[in-house]
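Undergrad: Dropping the structure in here first, questions after.
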Amino acid sequence: MSMNLETPQCTGFEPVFGMSRRRFLQQFGMGLGAFALADIAGRETQAAVAGNPLGNLSHFLPKAKRVIYLFQSGGPSQIDLYDHKPELNRRHGEELPESVRRGQRLTAMSGNQASLPMAGSPFEFNRHGQSGMEFSELLPHTAGISDELCVVRSMYTEAINHGPGVTFMQTGSQFPGRPSMGAWLSYGLGTLNSNLPSFVVLVTKDKGGQPLVSRLWGSGFLPSKFQGVRFRSGKDPVLYLNNPQGIEAEGRRNMLNHLRTLHELQVDESEDSGIENRIAQYEMAFRMQRSIPEVADFSGESESVLASYGEDVKKPGSFASNCLMARRLAERGVRFVQLYHPGWDQHGGLQKGIANQCRETDQASAALVKDLKERGMLDDTLVVWGGEFGRTNYCQGKLTKNSFGRDHHPKCFSLWMAGGGVKPGMSYGVTDPFGYNIVDQGVHIHDFHATLLHLLGIDHERLTFKYQGRQFRLTDVHGKVLKSVLA
């Protein structure tokens, strides 16, 4: 049995004798509305006791309970990290053949170049693990967990610039205003911990690069209680959460009790669901005042665990620190943890720039996967690493021996997944010898989203919400599950 996840529709029932629908349901038949609520709560409680906290909220038995998404904003170069192209190296400096480009559009940054010289990777690739997958020398720690990874080399998108590209990957649409992945999951599956948000966002501190705006983790047209909550570094991870000076917890609790009473009176009169969402958010904020300081305190972590994430783990707001925070949040029932690490936009100076990015992210990314596995959490935690698109196989600007850049490339790029019901130690998808086009097993963003939802027990065609007269979903009207990558 599955729950109908669509927003309730009006049935034409109107208030009787000045009584609202809400009050009528509360009073009629000894409170049928209350019985329904109790039934839902009861089923969720039974499911949690049975070891399946998702209960009847999922469409089928899930393989994963939670997601940690390590989003690399800016477009990491797949050619220099995951997709080795010896033929491209051999033809380094030659003009990009039209038979390879096939008239595909270019960005304004390189579209007017008189020449498009191909650029092989300056980094060495080697095979690793029993799977024998190839990884760049820039990723020694990720290569060390190669047998845990499913590397998808055939991702593609229609977006060619950062704004639409990141928005597409995060929300399933290039246009702003749609709910983010985390919001859809919070809406469809609910929370595993009533004292923490179901969707938390962490952004690497003091990094340049493309701007990351709050709509990327927003709820769009879904109720606002499903939006992501951003945690910041420092003594106050969530802004305005702590009580002002002179206000004690008891006083805040009394204030919220009275505010809730006033809100409930207003709901009886107006039936505004937005008021109920505000009540829920006030209550969550009060519970978070105690839960957030505990989850943000790393003092209980062993030195060996801290060392595994690298020296930066002790720098609040660093990628390493955020990876450890993500594991602690996942342990405590946060459904979707979204990390953002900008700075992968190497239009020039690629050799130095991408090496710095890998030094900041490689060790911590691998440590997170190993840490989850050691704690028995990797089987039901899906970890994703990837950006919004890839980079060109040709040089943007002048090709020199020691420095060059790569432009945006939406036609093929790579990401990896680990745990959460994905086959380990495998690669999926094939690109051509020049790293420009997909040869086999192309994976559109909607396919990726459909597969992610499937791993969490959701049929992507049934997780819908009616807005402005139309049923919307994360995968729009597309998407197929990649059954070959499922364990």
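Undergrad: Find how much the distance from residue 356 to residue 373 grows on full extension, using 0.36 nm per residue of separation minus their present alpha carbon separation; answer in nm with one decimal. If you can, show how the numbers build up before the last one.
TA: Working: separation 17, 0.36 × 17 = 6.12 nm, distance 2.71 nm.
Once the chain is fully extended between residue 356 and residue 373, it gains 3.4 nm.
Undergrad: Still on this model: How far is the Cα center of region 397-473 from the Cα center of region 133-194, in Å?
TA: Spelled out, the Cα-based centre of one part sits 7 Å from the other.
Undergrad: Students often get this wrong, so check it: of 373/411; 205/352; 315/483; 85/398; 225/373; 63/225, which have C-alpha atoms separated by over 29 Å?
TA: Listed pairs above 29 Å: 373/411; 315/483; 225/373.
Undergrad: Right, next: Pull out a ≥ b ≥ c, the square roots of the eigenvalues of the alpha-carbon gyration tensor of region 412-487, then state rounded if a/c is under 1.5, prolate if not and a/b is larger than b/c, and oblate in the remaining case.
TA: Working: a/c = 3.32, a/b = 1.57, b/c = 2.11.
It comes out oblate by the Cα gyration axes.
Undergrad: Still on this structure, please answer the following. Calculate the spin-label point distance for residue 214 paired with residue 401, positioning each point 7 Å from the Cα along the beta-carbon direction, and give it in nanometres.
TA: Result: 5.2 nm between the two label points.
Undergrad: What is the mean projected area of the alpha carbon convex hull for region 122-175, to one decimal in square nanometres?
TA: 5.2
Undergrad: While we're here: For residue 294 and residue 478, calculate 0.36 nm times their separation in residues minus their Cα-Cα distance, and state this gained length in nm to one decimal. Write out the running numbers ahead of the final one.
TA: Working: separation 184, 0.36 × 184 = 66.24 nm, distance 4.16 nm.
Additional length available on full extension: 62.1 nm.
Undergrad: So what is the diffusion coefficient of region 293-430 in µm² per second by Stokes-Einstein at 20 °C and 1.002 mPa s, using a Kirkwood Rh over Cα pairs?
TA: Values: Rh = 16.8 Å.
Answer, rounded: 128 µm²/s.
FYI, it's all coordinate maths here, none of it is from the lab. Since we're looking at a predicted model, the values are computed, not measured. Using ideal geometry, Cβ is built from the backbone for each residue, glycine included, and neighbour counts are taken over all protein chains shown.
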